[in-house]
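The values are calculated or read from the model by the stated rules, or taken from the named source; none is laboratory data. None of these values were measured; they are calculated from a predicted model. Using ideal geometry, Cβ is built from the backbone for each residue, glycine included, and neighbour counts are taken over all protein chains shown. Just the protein is used for accessible areas: all its heavy atoms, side chains included, with ligands, DNA and RNA removed. Shrake-Rupley method; radii C 1.70, N 1.55, O 1.52, S 1.80 Å.
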Amino acid sequence: MSDKRTQKAVGYWLLTGVMMIIIQTLLGGVTRLTGSGLSITEWKPIMGTLPPMDEQEWNRAFEAYKHIGQFQLINKNFTLGDFKAIFFWEWFHRLWARMLFVVFAIGFGYFIYTKQITKSMVRPFLVLLVLGGFQGLIGWLMVATGLNSTDIHVHYMALAIHFIAAMGLACYTLWFALSLLIPQQARTQDRPAIRFTIALLSITVIQLVYGAFMSGLKAAAAAPTWPLINGVYFPNTLATNGVVKDSDLGALDLNVQFIHRNLAYFLIILTMLWYYRLRKNTNPSLVICKTKFYPLALILVQATLGILTVIYSTSIVHNRFGIYETLAECHQLTAMFFLMSLVTNIYALSKKRV
């Protein structure tokens, strides 16, 4: 097999991994939206692959769940059937993570066996292995923040760290795949555009952090209105000078939503300016001609979904998946695609000098 075909095979395999990470992140969103994330109180990377197999095992798992605050404070009326419903999403989320590892291990083993892994690929693969393991550890530590008698959810800060770590893993995998799939001659060198795109990417990461805060705090319901926040543009909670205690969740929710909304407006303007800047490029590569449209289209869809998610947050039903939850998942998915589109454009704009 030629080097070119080998690189493409490994590259497409890596893209499969990117899509699996995106699906894994969406499953994480489902567990959060349905309140399922704390249903499994133990971390068993190997033995936890299978769900409880009989009534005795189910009752044992349910009894362990009864000792945490989520059950004692909001789910005391749960039957075993209710518990099984939320258990499924957390179990599937963890199962998908295990499948990711299996796909990585089998693919890596196959490419090693067929001698398609070159020396230049070894280091990136080691980095992927470390990032993947680190992400699994962060996931469990995040769950552990809610396994107590006082909290009903994992801490929103831990949720944000877990989400951003997942995006870091996805972006690194995507960059690795692009390095194998896009030839040098298909890229262009535009340093000012790269700097602009990196700045846009950095603000996007901050916005994603606040999006995770929105999810972790369920902050959309604090102001289910648009364009104003409960009738005003500047909520009076901003008078706290940015110091808001976790116990004052009403103020915290509004402040987080205010920042998240205004970062979105800022990102839309910047993305429009970015697109206009790339259109002025007199010598664009074939890749840039295709990829420069994606961020602008995605940010407009993303903003629309964000507005709808906030408006429909009044329809939240605890432990159920309805229109709000569907919109929230679509909002998260588009955010991830927007991030990936920026990474792709940075790569396409960074042609190495010969």
Sort largest first and round to whole Å: the equivalent ellipsoid semi-axes of region 117-216, each the square root of five times a Cα gyration tensor eigenvalue.
33, 20, 7
Anything in the chain that counts as a DSSP H helix reaching 30 Å or more along its axis (C-alpha) with Kyte-Doolittle mean of at least 1.6? List them, would you?
156-181
Surface accessible to a 1.4 Å probe, per residue, for the residues of the chain, Å²
51 Å²
Just to confirm a number: summing +1 for Lys and Arg and -1 for Asp and Glu over residues other than Lys280 whose beta-carbon lies under 14 angstrom from that of Lys280, what do you get?
+2
Quick one: plug the Kirkwood hydrodynamic radius of region 254-346 (C-alpha pairs) into Stokes-Einstein at 37 °C, 0.692 mPa s, and report D in µm²/s.
224 µm²/s
Which Rg and Dmax, in Å, describe the Cα atoms of the chain?
22.1, 69
With a 1.4 Å probe and all protein chains in place, put Trp140, Trp226 in order of accessible area, largest first.
Trp226, Trp140
Sort the following peptides by mean Cβ neighbour count (other Cβ atoms within 10 Å, averaged over residues), highest first: 264-276, 153-165.
153-165, 264-276
Fraction of alpha-carbon pairs in region 1-160 farther than 21 Å apart, rounded to whole percent, equals 52 percent
For every other residue with a beta carbon closer than 11 angstrom to the beta carbon of His153, add +1 if it is Lys or Arg and -1 if Asp or Glu, then tell me the sum.
+1
So, over other residues within a Cβ distance under 11 Å of Pro192, counting Lys, Arg +1 and Asp, Glu -1, the net charge is +3
How far is the Cα center of region 1-38 from the Cα center of region 170-240, in Å?
20 Å
To the nearest 10 square angstrom, how much accessible area does Val143 have with a 1.4 angstrom probe?
10 Å²
Please enumerate, by chain and number, the lysines with C-alpha under 25 Å from the C-alpha of Lys351, excluding those fewer than 8 residues away in the same chain.
Lys4, Lys8, Lys119, Lys280, Lys290, Lys292
Which value, in Å² rounded to 10, gives the accessible area of Cys289 with a 1.4 Å probe and all protein chains present?
50 Å²
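Roughly to the nearest percent, how much of the accessible area of the chain is carbon and sulfur, given a 1.4 Å probe?
68 percent
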Solvent-accessible ranking of Phe293, Phe258, largest area first, probe 1.4 Å:
Phe293, Phe258
Can you return the lysines within cross-link range of Lys84? Criterion is Cα-Cα under 20 Å, with same-chain partners fewer than 8 residues away left out.
Lys44, Lys66, Lys76
